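Worksheet: the structure to be examined is printed underneath.
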Amino acid sequence: MRRLAYAVSAALLLPSLTLAAEAGKNVTAIVGGTLLTVGPQGTIEKGTVLIKDGKITAVGKDLMVPAGATVIDASGRYVMPGIIDAHSHTAIEDNVNECTDSVTAEVRIADVVDHRDVNIYRQLAGGVTAINVLHGSCNAIGGQNAVLKLRYGKNPEELIFREAPRGIKFALGENPKRSNFQVPGPRRYPGSRMGVEVVIREAFLEAKAYQREWDAYEKKLAATGPKGEKPVAPRKDLRLEELKDVLDGRVLVHAHCYRSDEILMLIRVAEEMGFKIRTFQHVLEGYKVASEIARHGAGGSAFSDWWAYKMEAYDAIPYNAAIMASKGVRVSLNSDSDELARRLYWEAAKTVKYG
């Protein structure tokens, strides 16, 4: 397709300005395209993007292109900010799930990133420049996510976006209760939707007790004089440390979900325990409870038109994203697929058509 030209980092788009003449060394100019700035400048016809040393320095209509700059002609094409995929499992093949327990908040996606995954290259070709790599949906509370800045050919340390907020994966419905698959041996708890709710509530009750224990220790430690006997610190628990940080607002919750009743359940549990859901992922029945999602302050990261691939996806509609947005929910489109991630711009276009 010739319609999409080049994806550039949204965070670095600057107001239009005229640059003084400068040496063209390490400067790239994308000229003649329709710029979709996704910012105050709106759409700029036949605009120019100037990039120096890998950083965008100017975006505008009549910018001076330095002599010696590398010029890319984007005439007849669109130039837009890089796409962020809010739900990806790219670069963690065979390390998506830790299914051996209902709660695995201690495991970290950042430890298993495969920088050789060719899907990084393919997704860059489709305009995706950053991905939120989530743990799978096998657990009511899964592992810690990793946000990657896609740089094909770099090592795992250079892919991880250090400035991104920390996050963790929750899951509701058929996946954590294992409706559609079984493994040898005794069936793992939970086996029902009510069991999933209890697992999440009990995990946070335990985390609150752990938090109180550490708060009491810190208080005693602060009250101890320079020559006083230091109190014994509580034992560290990596699982509860992560859940404590969720309670403290330092870790964002991304919750896999489909049905409206379960979305409301998780909102109630989160508000009861004193934390927020940052995004409801997939959220196929979000249109039914969009006002409640908006009041809680959560986002909705959805598919454009995936439905009926399992029982809890039967009530999905293509108008879901538009309805949620109309009720004040911050909406994004996600892939959950190495293939779909290559054309997320097309997925977004479909939601505009439907909505």
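The values are calculated or read from the model by the stated rules, or taken from the named source; none is laboratory data. What you are looking at is a predicted structure, and each value in this text was computed from that prediction instead of being measured. All Cβ positions, even for glycine, are placed from backbone atoms using ideal geometry, and neighbour counts span all protein chains on display. Surface areas here come from the heavy atoms of the whole protein model, side chains and all, with no ligands, DNA or RNA. Shrake-Rupley method; radii C 1.70, N 1.55, O 1.52, S 1.80 Å.
Tell me, yes or no, whether segment 215-225 has at least one residue that is assigned to a loop (DSSP other than H, G, I, E, B) and either exposed (fewer than 11 other Cβ atoms within 10 Å of the Cβ) or on the phi < 0 side of the Ramachandran plot (or both).
The answer is yes, given that some residue of segment 215-225 is assigned to a loop (DSSP other than H, G, I, E, B) and either exposed (fewer than 11 other Cβ atoms within 10 Å of the Cβ) or on the phi < 0 side of the Ramachandran plot (or both).
Take residue 124 and decide whether it is within 25 Å of residue 51 (Cβ to Cβ), modelled with pLDDT of 95 or more, open to solvent by 50 Å² or more (accessible area, probe 1.4 Å) and of a type outside the set (Ser, Thr, Tyr).
The answer is yes for residue 124.
Run down 176, 190, 184, 165 and say which single residue is out of contact with any Asp or Glu (no Cβ under 9 Å at 6 or more places or on another chain) and either closer than 18 Å to residue 103 by Cβ or of a type in the set (Lys, Arg) (or both).
176
Residue 59: open to solvent by 60 Å² or more (accessible area, probe 1.4 Å), in a strand (DSSP E or B) and modelled with pLDDT of 95 or more, yes or no?
The answer is no for residue 59.
Is at least one residue of segment 305-327 touching a Cys at 6+ places or on another chain (Cβ under 7 Å), free of Cβ contacts under 8 Å to residues at least 60 places away in the same chain and open to solvent by less than 40 Å² (accessible area, probe 1.4 Å)?
Scanning segment 305-327, I find no residue that is touching a Cys at 6+ places or on another chain (Cβ under 7 Å), free of Cβ contacts under 8 Å to residues at least 60 places away in the same chain and open to solvent by less than 40 Å² (accessible area, probe 1.4 Å), so the answer is no.
Need the failing condition index for residue 291 against (1) hydroxyl-bearing (Ser, Thr, Tyr); (2) touching a helix residue (DSSP H, G or I) at 6+ places or on another chain (Cβ under 8 Å); (3) surrounded by fewer than 24 Cβ atoms within 10 Å (Cβ to Cβ), just the number.
(2)
Considering every residue within segment 168-179, establish whether at least one is exposed (fewer than 15 other Cβ atoms within 10 Å of the Cβ) and at pLDDT below 95.
The answer is no; no qualifying residue exists.
Under the condition of being open to solvent by 40 Å² or more (accessible area, probe 1.4 Å) and outside any helix (DSSP H, G or I), which residue from segment 333-355 is farthest from residue 81 (Cα to Cα)?
355
Go through 197, 242, 285 for me and flag whichever is of a type in the set (D, E, K, R), open to solvent by less than 30 Å² (accessible area, probe 1.4 Å) and in contact with a helix residue (DSSP H, G or I) (Cβ under 7 Å, 6 or more places away or on another chain).
Within the list 197, 242, 285, the selection yields 285.
Could you look through segment 245-282, keep only residues that are under 20 Å from residue 205 (Cβ atoms) and basic (Lys, Arg), and pick out the one that is most open to solvent (accessible area, probe 1.4 Å)?
So, considering only residues that are under 20 Å from residue 205 (Cβ atoms) and basic (Lys, Arg), the one most open to solvent (accessible area, probe 1.4 Å) is 268.
Condition test on residue 217, is it more than 23 Å from the chain's Cα centre (by Cα), among the hydroxyl-bearing types (Ser, Thr, Tyr) and at pLDDT 95 or above?
yes
Would you mind listing the strands (runs of 3 or more DSSP E) fully within segment 64-117 where at least 3 residues are open to solvent by 50 Å² or more (accessible area, probe 1.4 Å)?
In segment 64-117, 70-73 are the strands (runs of 3 or more DSSP E) which contain 3 or more residues that are open to solvent by 50 Å² or more (accessible area, probe 1.4 Å).
Among the candidates 206, 229, single out the residue that is without any contact (Cβ under 8 Å) to a residue 40 or more places away in the chain, open to solvent by 90 Å² or more (accessible area, probe 1.4 Å) and part of a helix (DSSP H, G or I).
The match here is 206.
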